[in-house]
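Chemist: What follows is a structure written as C-alpha cells; I'll ask about it next.
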Amino acid sequence: MLGRGLKRKLSDYEENMAGLSSAFDSSRSLPYPLKRQLVLNMCLTKLQTYKMLVEPNLHRSVLIANTVRQIQEEMRQESNQQPVNICPGVAPASHSYAGMESPGISLQLPSGVGQQESHCCDLRSVEDPIENSLLIVSDDDMSSAISSILKDLDFVEDISPPTCLVPTGDDQPKFPENTGLKLEDDRQDLKGAECVFGSFEISNSTSYLKDLAIDDIFEDIDTSMYDSDFCCPPLMPPRSPSLATEEPLKTFPSCNSSSANNIQICRTDLSELDHIMEILVGS
Amino acid sequence: FLAGFGSLMQDVLWCFSQVKGTLDTGVTEADIISTVEFNHTGELLATGDKGGRVVIFQREQESKNQPHRRGEYNVYSTFQSHEPEFDYLKSLEIEEKINKIRWLPQQNAAYFLLSTNDKTVKLWKVSERDKRPEGYNLKDEDGRLRDPSMITVLRVPVLRPMDLMVEATPRRVFANAHTYHINSISVNSDYETYMSADDLRINLWNFEITNQSFNIVDIKPANMEELTEVITAAEFHPHHCNTFVYSSSKGTIRLCDMRTAALCDRHAKFFEEPEDPSNRSFFSEIISSISDVKFSHSGRYIMTRDYLTVKVWDLNMENRPIETYQVHDYLRSKLCSLYENDCIFDKFECVWNGSDSVIMTGSYNNFFRMFDRNTKRDVTLEASRENSKPRAILKPRKVCVGGKRRKDEISVDSLDFSKKILHTAWHPSENIIAVAATNNLYIFQDKVN
C-alpha cells in the first residue's frame, strides 16, 4: 500500500501537545478559557495537517470544524457580554497578534510565542509553560483561518450529483424541487466562495466534466476479469427528454456489451474525450 | 459467572476456541482485519483485511469422536477482493481495504457475499468443485484436440470425483456511484436489492444491474460550507423491505420509508436523545457521533454505538433510547488526550446475539464487553494470546479508575490504546463469537458441559 499523507515526526511541538492534553485531562485547576484555547489550537492544527493530506477525511473534518465553530460561537457570545475582559490588557475579538498572518494562521512553535506572555490570563503566572505554549487567536482570524485552510484542501470531484431515477412508470416523471435547486447551487458553489468545504467540490475550470461519464475514459482499467455472460439491460434514458438535459444520468456502460446503445455512447464519449484533451493541452 | 439454580438466564462461561493469524509481534498493515461477518447459518465466517483480501472460514462438521471440539472453523477460501486503485483524474489512491462484508442468504449450492472498499462494491460467488468431466470426444486426456476424422466412436463424458476445490469469482462489480467513502452496505430482505452508504449519500442497487443505482438519500448541502453532518452507518430493516435507518455524526438516527418518496430525504422517524448538560464538554459532539447502527434480529429495536456508550432504541420511541450501556466511561476524563492522538475517532462496531438478549462491542487493550439486557449484568473479556489455551475459560477483566488497584485490575493509564477491538461478530444462533484484534481473529465459544 502506498503511504498517504504526511508522516508526522515526533517533534517538540507534538510532544508539547501531548503533554498539554494530559494536563488538560488531569488538571482541575486549569482555567476554562485556557482549556478552550488549547482545544481550539488542537483543532486548527489537525485541520492544517489534513490540508497536507492527499484526501482528507470528511467525517473528521466535519466534526473538528463543528468543534471550532462551537468554540468560536462561545467566544463571540462572551465578548458580546463582556466588553471588558477579565484579563487586563486584552481586547477580545478584534485583536491581531504579532506573528500571525491573515488569512491563514501560521501556528508558531512555542518558542515563537514568547511575545504572548503579557496577554495571558491573570490567573497564571507569566512563566507558566502551558500558557506560554498557547497561541491566542482572535475571532476574525479564526473564521478566515478555517475558511482558508479548508478551502485549500485538495478537492474531491463530485461527479455524481443526485439523480432521482424514476423506478416505475406510474410515478410522475419529475424531480423533487430541491434536486434541481441543488444542481444550480452546486454550480454557484463552484465559484469558490469562502466555503469551508468548498474545497471538497471541483473547481471552475473542470465544471464541464461533471456532465460526462468520466469513467468511460478509464474503461480499459480493471475490467478483464469480470463476467461477460452477464447481460446488462440496454441503457434507457428517463422518459422525459427535458430530464436528460437537466440532470446528468448516472450511466456506467458495460465494457463488454455489444449493444448498439453502448457503441453509440462510446462514440459520443470519444469525441468528448477529444474535447477534453484539447482543452487540457491547450490551457 | 456461575450457573444459577432456578434462574431463568443461565450465565455463560466463555472459552477460548481458536485464533487465526500470525504470532509475530511486527504486524504487517495489510493483515489488519477490517471486517468480520458470519453468514446466515453460521456455517461460514468471513473476514476482510486492509490488504483487500477476504478469508472465509468454514465450520467443520461436529464429530461424535471429539464432542468437545464443537466444530472448529478452518480456512475454506481466500481471495483478493479489491486491489489498490489510482484515480488519475483526482490524483488519489483508492485504498483496497475491505470496509464491510455482507452475506446473501443461501439459495443454491454456492455462497454469495458482498464486499466493499471505499468506492466499489463487489458480489462474489464462492462455489465448490469436487467433480470434473472426463471422456471428451474432441480432446484427449491431456487436452490436445483430436482430429475429428479419426473419431469412430462417440461417448458421453462422465463426471468423476476430484479433490475439492473452492473457487471465488466476482459476479458483479458495482462501481463509480460514490464520490465519498462507502461506510456501509446492507442487503435488503427482498434479496433483490441492497444499499451502499457513503458520507453524504445512500444508493440503492439491484443485484442484477451494475450500471445504475438509485440515490435514495442525499444530505449534501447546496453550499458545502453548510455541511455540519455526515452519514456514518446505514442498515435495512430485517423484515420490512421498504424500511431502513441511517445514523449521523451528530448522534441521530433517521428511519426512512422508501414507499413515501423516491428520494428519502424526509425521514419517517427521527431518533435523538437530548444532551445531558452535566456531561457537556468540548468533545461532546465528537463522542456523540454514531459509529455503528444495527437492527435487532426481531426488527423491533435498533442498537447504536458512539464513542463511550451503546444504546438500544425502541422503534416506537424517538425521544430517547430505552437502554444505555457504558462501555468505558473511565475514558471520559481522558478525552483531550484521546482527541490529540485521534483515538476519539475510532469507529467501534456493535452486535446482537441471536436472541437479541445480549449485545457486544469492543474497547481498548483488546478488551471487549458484553451486556445482558435482561439481567443487566455486563462483563469485560480480553482477546490475548495469554488466554489462548484450548478451552481455557476467559476470566473477566476490570479496569481500575483510581485509588487502590487490585491485583488483577488494570489502571486506565496502563491501557494499550493501539490494541483496539473494532470488529466483532456473533453466530446467528449459537454462543460463538469472533473477535478481531488487529491482525488476529479470535473465536470464543461458551463452555460445553
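Nothing in this text is a laboratory measurement; each read-out follows from the coordinates by a stated rule. None of the values given here were measured: they were computed from a predicted structure. When we count neighbours, we look across all protein chains shown, and the Cβ atoms used for this are built from the backbone with ideal geometry, even at glycine.
Chemist: Is there a simple number for the mean count of other chain Cβ atoms within 10 Å of the Cβ of residues in B:206-219, and what is it?
Modeler: Mean shielding count: 5.
Chemist: While we're on this one: To the nearest 20 Debye, how big is the dipole of region B:11-109 about its Cα centre, given +1 on the beta carbon of each Lys and Arg and -1 on that of each Asp and Glu?
Modeler: Around 420 debye, computed over region B:11-109.
Chemist: Could you work out, residue by residue across B:341-351, how many beta carbons of other chains sit within 10 Å of that residue's beta carbon, and then give the average as an integer?
Modeler: Partner-chain Cβ atoms within 10 Å, mean over residues of B:341-351: 1.
Chemist: Can you bin every Cα-Cα distance in region B:281-347 into 10 Å intervals starting at zero and give me the percent of pairs per bin, rounded to whole numbers?
Modeler: 20, 48, 23, 8
Chemist: How large is ³J(HN,Hα) for each residue in region B:428-444, as worked out from phi by the Karplus curve 6.51 cos²θ - 1.76 cosθ + 1.60 (θ = phi - 60°), to whole Hz, x for Gly and Pro?
Modeler: Working through the residues one at a time gives x, 9, 10, 8, 10, 10, 10, 10, 9, 10, 6, 9, 10, 10, 9, 10, 10 Hz.
Chemist: Between B:ALA261 and B:HIS239, what length comes free when the chain is fully extended (0.36 nm per residue of separation minus the Cα-Cα distance, one decimal in nm)?
Modeler: 5.9 nm
Chemist: Identify the trypsin sites (Lys or Arg not before Pro) of region B:143-224 meeting these criteria: DSSP loop state and at most 15 other C-beta atoms within 10 Å of the C-beta.
Modeler: The qualifying sites are B:ARG144, B:ARG146, B:ARG155.
Chemist: For region B:193-203, just list the computed ³J(HN,Hα) in residue order, Karplus coefficients 6.51, -1.76 and 1.60, θ = phi - 60°, integers in Hz, with x standing in for Gly and Pro.
Modeler: 10, 8, 10, 10, 10, 10, 4, 10, 9, 10, 10
Chemist: Also: Going by how many other beta carbons lie within 10 Å of each one, how would you line up B:SER34, B:SER363, B:SER429, fewest first?
Modeler: Fewest-to-most Cβ neighbours within 10 Å comes out as B:SER429, B:SER34, B:SER363.
Chemist: Place +1 on the Cβ of every Lys and Arg and -1 on the Cβ of every Asp and Glu in region B:247-303, take the dipole about the Cα centre, and give the residue among B:PRO277, B:SER247, B:PHE295 whose Cα lies farthest towards its positive end.
Modeler: It is B:PHE295, whose Cα lies furthest towards the positive end.
Chemist: With +1 on the Cβ of every Lys and Arg and -1 on the Cβ of every Asp and Glu, and nothing else charged, how large is the dipole of region A:15-79 about its Cα centre, in debye rounded to the nearest 20?
Modeler: Charge dipole of region A:15-79: 40 debye, to the nearest 20.
Chemist: Of B:LYS419/B:LYS447; A:LYS46/B:LYS20; B:LYS250/B:LYS334, which ones are farther than 29 Å apart at the Cα?
Modeler: A:LYS46/B:LYS20
Chemist: Continuing with the same structure: Would you mind computing, in nm to one decimal, how far apart the modelled labels at B:ASP413 and A:SER26 are, each placed 7 Å from Cα along Cα→Cβ?
Modeler: 0.5
Chemist: Based on the alpha-carbon gyration tensor of region A:15-79 and its eigenvalue square roots a ≥ b ≥ c, which shape applies: rounded if a/c is under 1.5, prolate if not and a/b is larger than b/c, or oblate?
Modeler: oblate
Chemist: Could you tell me the calculated FRET efficiency between B:LYS64 and B:ILE219, based on Cβ-Cβ distance and R0 = 45 angstrom, to the nearest 0.05?
Modeler: 0.20
Chemist: Rounded to the nearest 0.05, what FRET efficiency do A:ILE276 and A:GLN72 have when you use their Cβ-Cβ distance and R0 = 51 Å?
Modeler: For R0 = 51 Å, the calculated efficiency reads 0.80.
Chemist: In which sequence would B:LYS139, B:LYS250 go, from the one with the fewest C-beta neighbours within 10 Å to the one with the most?
Modeler: B:LYS139, B:LYS250
Chemist: Order of B:PHE38, B:PHE16, B:PHE417, B:PHE270 from fewest to most other C-beta atoms within 10 Å?
Modeler: So the ranking, lowest neighbour count to highest, is B:PHE270, B:PHE417, B:PHE16, B:PHE38.
Chemist: List the residues whose amide H sits under 5 Å from the amide H of B:ALA233, counting only those 5 or more places along or on another chain, with H placed 1.01 Å from N in the peptide plane.
Modeler: Excluding prolines and chain starts, which carry no amide H, the hits are B:SER247.
Chemist: Work out from phi, with θ = phi - 60° and the Karplus expression 6.51 cos²θ - 1.76 cosθ + 1.60, the ³J(HN,Hα) of each residue of region B:240-245, listed in order in whole Hz, and give x for Gly and Pro.
Modeler: Calculated HN-Hα couplings, in order: 9, 6, 9, 10, 8, 10 Hz.
Chemist: What FRET efficiency comes out for the pair B:LEU154/B:GLU128, r = Cβ-Cβ distance, R0 = 22 Å, nearest 0.05?
Modeler: In this case the efficiency is close to 0.15.
Chemist: Enumerate the amide H contacts of B:SER291 below 5 Å, restricted to partners 5 or more residues apart or on another chain; note that Pro and chain-start residues carry no placed amide H.
Modeler: Amide H to amide H, under 5 Å and 5 or more residues apart or across chains, B:SER291 pairs with B:ARG305, B:ASP306.
Chemist: I want the local charge near B:ASP31. Using Cβ-Cβ distances under 12 Å, sum +1 for each Lys or Arg and -1 for each Asp or Glu among the other residues.
Modeler: +1
Chemist: Hey, got the average number of other protein chain Cβ atoms within 10 angstrom for residues in B:275-288?
Modeler: Shielding by partners across B:275-288 averages 2.
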